[in-house]
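The values are calculated or read from the model by the stated rules, or taken from the named source; none is laboratory data. Bear in mind the structure is a predicted one, so any value in this text is a computation, not a measurement. Reconstructed Cβ throughout: ideal geometry from the backbone, glycine too, with neighbour counts over all protein chains shown. Note: areas computed on protein heavy atoms with side chains; ligands, DNA, RNA excluded. Shrake-Rupley method; radii C 1.70, N 1.55, O 1.52, S 1.80 Å.
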Amino acid sequence: MFQSDTIGRKKYRFGEIRWPPQWPQQKVPRSVCSESCPPGYRKAAREGEPLCCFDCVPCSHGEFSNSKDTVKCLKCPDNEWPNERHDQCIQKEVEFLRYGEPLGLTLTFSLAFMIFLTTSVLCVFIRYRDTPIVKANNRNLSYFLLISLMLCFLCSFIFIGRPKKLTCMLRQIAFGIVFSISVSSVLAKSIVVVLAFKATHPNSSARKWLGSKTPFSIVFFSLLVQIVICIMWLVKSPPFADLNMKSYNEKIIFECNEGDTIFFYCMLGYLGLLATVSFVVAFVSRNLPGSFNEAKLITFSMLVFVSVWISFIPAYLSTRGKYEVAVEVFAILCSSAGLLGCIFFPKCYIILLRPTRNTKAHLVRKSSD
């Protein structure tokens with residue numbers, strides 16, 4: 001039963017506390033000592049105080065609360081992440097190196113430019129194939145090296161875009177095989193320089209190794225070892241497309257899992273071995289006389305090549321996601337450009353801009369000096 005009385009025009013229930021109109025609202029006592037916790041927070045009891053006294057603590061990373069006065073925050077699913085207010089979960093961003101983003105576009109245009117440049121150099125060498133500089137150091141091997149460099153730039157496109165099962169299996173295998181062709185071609189060029197010098201001595205047995213079969217045999221057997229490594233990799237533990245949810249909390253990395261990384265580093269190690277042997281042979285033969293000794297060019301190109309890949313390893317291991325892929329593409333781009341620039345640009349300079357130096361008489365005179 002309630003009784004009410006009327007004061008003026010207002011009615012009040014019996015037992016209800018009546019506050020004077022002039023009483024400040026902020027002084028009205030409350031039945032609890034803490035405000036309600038909004039979504040995105042949880043209640044944490046204060047030690048030694050009544051249950052109605054608590055603190056509002058923000059939900060930790062990966063957790064959310066979507067109601068007031070939650071005692072415990074909830075974890076988001078693996079493919080979701082809390083928003084800034086931690087009051088709901090949102091879909092994680094899926095990250096991979098896309099063609100449409102600035103980094104992907106930069107690498108794409110750089111690779112396309114280098115393919116155009118390599119094709120142009122190849123056309124110059126074919127156009128001036130009968131000139132002394134092109135003939136001096138095994139022009140067929142030069143053609144082969146230029147084509148392999150073009151393939152190096154082309155295989156880099158496999159690294160850009162959404163990872164798939166086929167592209168993940170091809171990207172490292174194609175890179176290893178094509179680069180083995182390039183580096184072994186440089187090695188063959190270095191060995192040809194040494195054989196050509198030794199063949200000038202009377203009764204030298206090196207003459208029989210100066211045919212076209214020798215350099216291509218070097219390339220074939222060097223490539224064969226890399227092919228065996230790649231086949232073992234594909235058979236035992238091939239690369240595959242994978243969603244990496246552990247490297248970053250707020251995004252999912254769509255990447256190619258390399259499978260057994262031992263084979264990946266074996267492939268890189270073998271490339272390093274070929275490059276080191278090429279550098280040593282070219283360095284030893286750099287001062288040998290000859291009509292056009294390109295050993296100095298090969299020495300510098302291998303120095304650039306080895307420097308790039310030594311720098312690549314710590315950079316590759318310290319990055320994740322699309323930047324990890326970008327580092328490898330950049331290393332392929334720089335090392336291939338180093339081979340192209342150091343070995344072929346000086347020759348193109350003479351062929352196109354100093355044709356008077358591209359004569360047999362000039363090269364013979366230079367050799368006699």
ask   = Within segment 144-161, is even one residue in a loop (DSSP other than H, G, I, E, B), of a type outside the set (D, E, K, R) and within 30 Å of the chain's Cα centre (by Cα)?
value = yes
query = Could we say that P238 is outside any helix (DSSP H, G or I) and modelled with pLDDT of 75 or more here?
reply = yes
request  = May I ask you to list the residues in segment 336-355 that are buried (at least 18 other Cβ atoms within 10 Å of the Cβ) and of a type in the set (K, R)?
outcome  = K347
message = Please determine whether any residue of segment 62-82 is open to solvent by less than 100 Å² (accessible area, probe 1.4 Å), in contact with a helix residue (DSSP H, G or I) (Cβ under 7 Å, 6 or more places away or on another chain), of a type outside the set (F, W, Y) and outside any helix (DSSP H, G or I).
response = no
message = Show the residue pairs meeting these rules: Cβ distance below 7 Å; 6+ apart or different chains; first residue within segment 333-353 and under 24 Å from V306 (Cα atoms); second residue open to solvent by less than 20 Å² (accessible area, probe 1.4 Å) and among the hydroxyl-bearing types (S, T, Y).
response = L333/S156; G338/S301; L339/S182; L339/S301; L340/T118; C342/S301; I343/S301
query = Which ones in segment 245-255 are more than 16 Å from the chain's Cα centre (by Cα) and in a strand (DSSP E or B)?
reply = K251, I252
request  = Could you give me the residue pairs with C-beta distances under 7 Å whose first residue belongs to segment 293-305 and is of a type in the set (K, R), whose second residue is open to solvent by 10 Å² or more (accessible area, probe 1.4 Å) and not in a helix (DSSP H, G or I) wherever it lies, and which are 6+ apart or on separate chains?
outcome  = K296/R286
ask   = Could we say that R85 is free of Cβ contacts under 8 Å to residues at least 60 places away in the same chain and surrounded by 12 or more Cβ atoms within 10 Å (Cβ to Cβ) here?
value = yes
note = Only one of L141, L145 is modelled with pLDDT of 90 or more, under 30 Å from T359 (Cβ atoms), out of contact with any Phe, Trp or Tyr (no Cβ under 7 Å at 6 or more places or on another chain) and open to solvent by less than 10 Å² (accessible area, probe 1.4 Å), namely L145
request  = Select from segment 310-335 the residues that are touching a strand residue (DSSP E or B) at 6+ places or on another chain (Cβ under 9 Å) and not in a helix (DSSP H, G or I) and write down the one among them that is least open to solvent (accessible area, probe 1.4 Å).
outcome  = G321
ask   = Just to be sure, is L122 within 30 Å of K322 (Cα to Cα) and surrounded by fewer than 20 Cβ atoms within 10 Å (Cβ to Cβ)?
value = no
query = Here are some conditions: (1) more than 16 Å from T70 (Cβ to Cβ); (2) modelled with pLDDT of 60 or more; (3) surrounded by 10 or more Cβ atoms within 10 Å (Cβ to Cβ); (4) not hydroxyl-bearing (S, T, Y). F54 meets all but one. Which one does it not meet?
reply = (1)
query = Looking at (1) touching a helix residue (DSSP H, G or I) at 6+ places or on another chain (Cβ under 7 Å); (2) within 30 Å of I350 (Cα to Cα), which is the only condition C123 fails?
reply = (1)
note = Across (1) open to solvent by less than 70 Å² (accessible area, probe 1.4 Å); (2) at pLDDT below 90; (3) touching a strand residue (DSSP E or B) at 6+ places or on another chain (Cβ under 8 Å), N249 clears everything bar (1)
task = Tell me which residues, restricted to segment 88-111, are of a type in the set (A, V, I, L, M), part of a helix (DSSP H, G or I) and in contact (Cβ under 8 Å) with a residue 12 or more places away in the chain.
result = L103, L107, L111
request  = Go through (1) more than 18 Å from S335 (Cα to Cα); (2) open to solvent by less than 20 Å² (accessible area, probe 1.4 Å); (3) modelled with pLDDT of 90 or more and name the single condition F263 misses.
outcome  = (2)
